1. Please go through (1) surrounded by 15 or more Cβ atoms within 10 Å (Cβ to Cβ); (2) outside any strand (DSSP E or B) for residue A:57 and return the number of the only condition it doesn't satisfy.
2. Which of the residues belonging to the stretch B:156-199 are within 21 Å of residue B:138 (Cα to Cα), assigned to a loop (DSSP other than H, G, I, E, B) and in contact with a strand residue (DSSP E or B) (Cβ under 7 Å, 6 or more places away or on another chain)?
3. Considering only the stretch B:152-169, I want to know if a residue exists there that is within 27 Å of the chain's Cα centre (by Cα), farther than 23 Å from residue A:77 by Cα and at pLDDT below 85.
4. So if I check each of B:194, B:167, B:161, which one is away from chain A (no Cβ under 14 Å), in contact with a helix residue (DSSP H, G or I) (Cβ under 8 Å, 6 or more places away or on another chain) and in contact (Cβ under 8 Å) with a residue 40 or more places away in the chain?
5. Quick check on residue A:96: is it within 11 Å of chain B (Cβ to nearest Cβ) and over 17 Å from residue A:15 (Cβ atoms)?
6. Determine, yes or no, whether residue B:232 is within 14 Å of chain A (Cβ to nearest Cβ) and touching a residue at least 60 places away in the same chain (Cβ under 8 Å).
7. Can you report the number of residues in the stretch A:19-54 which are exposed (fewer than 14 other Cβ atoms within 10 Å of the Cβ), within 15 Å of the chain's Cα centre (by Cα) and not in a helix (DSSP H, G or I)?
8. Quickly run through the stretch A:99-113 and pick out the residues that are more than 10 Å from chain B (Cβ to nearest Cβ) and either in a strand (DSSP E or B) or buried (at least 21 other Cβ atoms within 10 Å of the Cβ) (or both).
């Protein structure tokens, strides 16, 4: 199942609607990494509210996605991880290290706004 | 216990005993022992006392049988054949009734403790505190985590202060669970600050080598709340004389 990617000003928003196969995940990753350059986006939000399982492949793909997008000069936030999913993930040792997370879409947008403002005034090369 | 009470109790014990011996049915005895346990457990009667008394009664009755039938060895033998299993069963019934009653009380208390165990409280917009008091076992730790994660969702919390001043000891399992809770909260977009680690707990954690590098810790609850307010962008200070902020 394809994940729609919406452009919202400087940000891209990908909302996962249903459980994804490994292949779908890779497609999503590739699409976002490509689109972020084309659209000259400053941030990417991946909304996983609809997922009630997150296995090791999914979390590794999301982590890779975030790191790739950072290399392309933008920020990534994963939003909407369910409480049960979060706890199951850390029990399996999947903690999305180095990836920003937020409660929901609204929070994710607020976080990206904040980050973008920081980088506008600050030194871009100093970004983590 | 007053003298009348003792007499009444002794009479009913004797009556029940004799009834069980005569009829061979134990229902009345069972409900009597349950009823008795209900009354004596709050007085702090211990298992060994109850079992001791029942066994004593059994032996006293056996002695009286010996005394009565010592002339006729055959008859004594037959009587003992009938008496011993019944007497043992009586002892068994009373002891089991007592222990079951005690277990029921313990279960009820555990339930009660679990229910009032740990509130997740909102102290400011987007700031939750979770004061933990008493011992944490794996089951309680799990329940805490679930409550906290749900609380973060429901209150849209950004910062959570977990205060463990009231926790006397942590083992490595629970410590790791705490670390997992911190990570799971982060996945929901909340920062966790842990406060009130006692010197003993700090020592244990370092000695057993739990990785606490991902945990924000602040000395006490006040410090934790101040740190949380700073993270949320609050500035809290005393008002000047005119009621204006200084």
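The values are calculated or read from the model by the stated rules, or taken from the named source; none is laboratory data. Since we're looking at a predicted model, the values are computed, not measured. When we count neighbours, we look across all protein chains shown, and the Cβ atoms used for this are built from the backbone with ideal geometry, even at glycine.
1. (1)
2. Those that are within 21 Å of residue B:138 (Cα to Cα), assigned to a loop (DSSP other than H, G, I, E, B) and in contact with a strand residue (DSSP E or B) (Cβ under 7 Å, 6 or more places away or on another chain): B:167, B:196, B:197.
3. Yes, there is a match, as at least one residue in the stretch B:152-169 is within 27 Å of the chain's Cα centre (by Cα), farther than 23 Å from residue A:77 by Cα and at pLDDT below 85.
4. Details: B:194 fails: in contact (Cβ under 8 Å) with a residue 40 or more places away in the chain; B:167 fails: in contact (Cβ under 8 Å) with a residue 40 or more places away in the chain.
The match here is B:161.
5. yes
6. Judged against the criteria, residue B:232 is a match.
7. Total satisfying the criteria: 1.
8. Matches in the stretch A:99-113: A:112 only.
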